[in-house]
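Single-structure report; data block below.
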Amino acid sequence: MPVTLKDVALRAGVSRSAVSRTFTEGASVSAKTRAKVERAAADLGYAPSALASALSTGRTKLIGIVVSNFHNPIFLEVFDRFTRGLQERGMRPLLVNLTGETDPEASVRMLRQYSVDGVIVASSTLPPSFARAFHDARLPVVHSFGRWTSAPETHVVGIDNVASGRMAAETLRARGYTRVAFLGGPEDATSTQDRLTGFLDGLGNSDVAVTTSFAPAYTFQDGRQEMQRLLGQGPAAEAYFCGDDVLSIGALSALQDAGLSVPGDVGLLGLNDMEMAGWDNIDLTTIRQPLDQIVAASVELALLAVDDPDRLPEARLFPCKVVERGTLRPLK
């Protein structure tokens with residue numbers, strides 16, 4: 001039979017309420033009693049019930065992590081950081097797969113059923129209105145990788161996608177490319193729109209010719225198929241800013257299958273710097289998104305929002321940088 005709170009109380013020679021207080025964060029209990037209870041619990045192999053704690057405190061310590069694209073390998077790294085970050089703070093992550101979901105109300109109902117204390121929307125493709133639906137339902141929420149604004153309606157943590165697009169344009173121009181292309185993710189995604197806006201702005205009034213195209217999703221297969229379609233229409237551009245590493249790797253596969261050399265014939269620039277981008281057989285030049293900082297700030301803001309649901313919305317922005325590898329021609 002499982003060891004109960006009563007068993008621990010008998011072993012320690014204290015009341016059941018003393019055992020309960022010992023394992024309730026912030027509850028008052030003397031150092032002597034705490035030591036006796038903890039020793040008895042260790043001897044018996046007792047662990048306090050998370051469900052019982054939730055009933056007594058009104059908090060489940062569950063944080064919902066909402067993700068809309070499980071097909072992008074970058075999110076394996078994101079999940080790892082979020083789960084470890086929350087667990088280190090005594091919270092329990094609840095991972096929710098919303099691939100293809102567009103109705104925030106269904107997501108709100110689902111997470112309410114689990115009585116989560118807060119929500120982290122980890123998506124660069126879901127619009128700000130998606131996170132706002134949780135806020136309107138009085139669920140503390142942080143939108144990680146969300147669209148930056150100086151006056152956010154919910155907590156937002158991420159990068160300035162317009163600035164990253166501008167950085168991509170400047171990177172290609174500095175290498176002397178005169179025919180470039182933007183290969184973005186879903187056309188209606190805010191991340192795609194902002195990266196394209198910055199890219200075009202970075203090219204400015206230069207003599208660089210630019211074309212644009214979009215893949216249905218941030219996936220390897222969609223990046224590969226979009227590049228195959230572009231190659232079927234005529235000669236490739238001199239260099240592509242793909243707007244995401246996984247799209248870049250799909251495009252790289254298509255270019256190699258077509259007998260084109262990267263970067264000899266065509267240059268590629270990604271965004272994210274996921275682990276796979278640095279593999280020797282890929283060696284992708286990319287714009288690094290600081291995942292560690294974004295996740296750590298998201299966890300911190302989520303817990304602050306749980307403690308103070310009326311906290312004013314805050315936007316935390318982190319800078320990107322170019323990681324030089326082997327898919328662009330060297331700087332002149």
Within the stretch 117-162, list the trypsin sites (Lys or Arg not before Pro) lying in a DSSP loop whose Cβ has at most 12 other Cβ atoms in a 10 Å radius.
138
Please report the net charge: other residues with Cβ closer than 12 Å to the Cβ of residue 32, K and R +1, D and E -1.
+2
Roughly how many whole Å is it from the C-alpha centroid of the stretch 177-196 to that of the stretch 65-94?
26 Å
Simple label model, 7 Å out from Cα along Cβ direction - residue 283 to residue 178, nm
2.7 nm
FRET efficiency (residue 187, residue 310; Cβ distance; R0 41 Å; to 0.05) is 0.65
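Which net charge results when you count Lys and Arg as +1 and Asp and Glu as -1 among the other residues whose beta-carbon is under 10 Å from that of residue 86?
Values: positive: 61, 81, 84, 89, 92; negative: 88.
Here the count lands on +4.
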Which is the longest stretch in the chain that no exposed loop site breaks, taking sites as chymotrypsin sites (Phe, Trp or Tyr not before Pro) with a DSSP loop state and at most 15 other Cβ atoms within 10 Å?
115-278
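Nearest 0.05, what FRET efficiency do residue 265 and residue 105 give at R0 = 41 Å with Cβ-Cβ as r? All intermediate terms of the calculation are to be shown ahead of the outcome.
Values: r = 49 Å, r/R0 = 1.19.
Between residue 265 and residue 105 the formula returns 0.25.
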Anchor residue 36: lysines whose Cα lies under 22 Å away (excluding residues fewer than 8 positions away in-chain)
6
Straight-line reach check, residue 61, cutoff 19 Å on alpha carbons, 8 or more apart in-chain or any other chain, hits among aspartates and glutamates -> 25, 80, 88, 117, 300, 307, 308, 310
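Using 0.36 nm per residue of separation minus the Cα-Cα distance, give me the extension gain between residue 275 and residue 47 in nm, one decimal.
Values: separation 228, 0.36 × 228 = 82.08 nm, distance 3.70 nm.
Taking residue 275 through residue 47 to full extension adds about 78.4 nm, to one decimal.
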Around residue 285, with a cut-off of 11 angstrom between Cβ atoms, what is the net charge of the other residues, counting Lys and Arg +1 and Asp and Glu -1?
0
So if I place +1 on the C-beta of Lys and Arg and -1 on the C-beta of Asp and Glu, and nothing else carries charge, what would the dipole magnitude of the chain be about its Cα centre? I want it in debye, nearest 20.
1420 debye
In whole angstrom, the spacing between the Cα centers of the stretch 126-143 and the stretch 296-332 equals 18 Å
Going 7 Å from the Cα of residue 71 toward and past its Cβ, which residues in the stretch 187-204 have a backbone nitrogen under 20 Å from where you end up?
187-193
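With a Förster radius of 45 Å, plug the Cβ-Cβ distance of residue 150 and residue 258 into 1/(1 + (r/R0)^6) and report the FRET value to the nearest 0.05.
Working: r = 44 Å, r/R0 = 0.98.
For R0 = 45 Å, the calculated efficiency reads 0.55.
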Go through 185, 202, 214 and say which Cα lies farthest out towards the positive end of the charge dipole of the stretch 161-289; charges sit on Cβ, +1 for Lys and Arg, -1 for Asp and Glu.
202
When a footprinting reagent is the concern and you count Cβ atoms within 10 Å, what order do 143, 155 take, fewest first?
155, 143
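What ranking, highest mean first, results for peptides 242-250, 183-191 when packing means the other Cβ atoms within 10 Å averaged over each residue?
Details: 242-250: 28.8, 183-191: 20.9.
Ranked from most to least packed, the peptides come out as 242-250, 183-191.
Values quoted throughout were computed directly from the atomic coordinates according to the rules given, and no laboratory measurement underlies them. Since this is a predicted model, take the numbers as computed values, not measurements. FYI the Cβ positions are ideal-geometry reconstructions off the backbone, even for glycines, and counts take in every protein chain you see.
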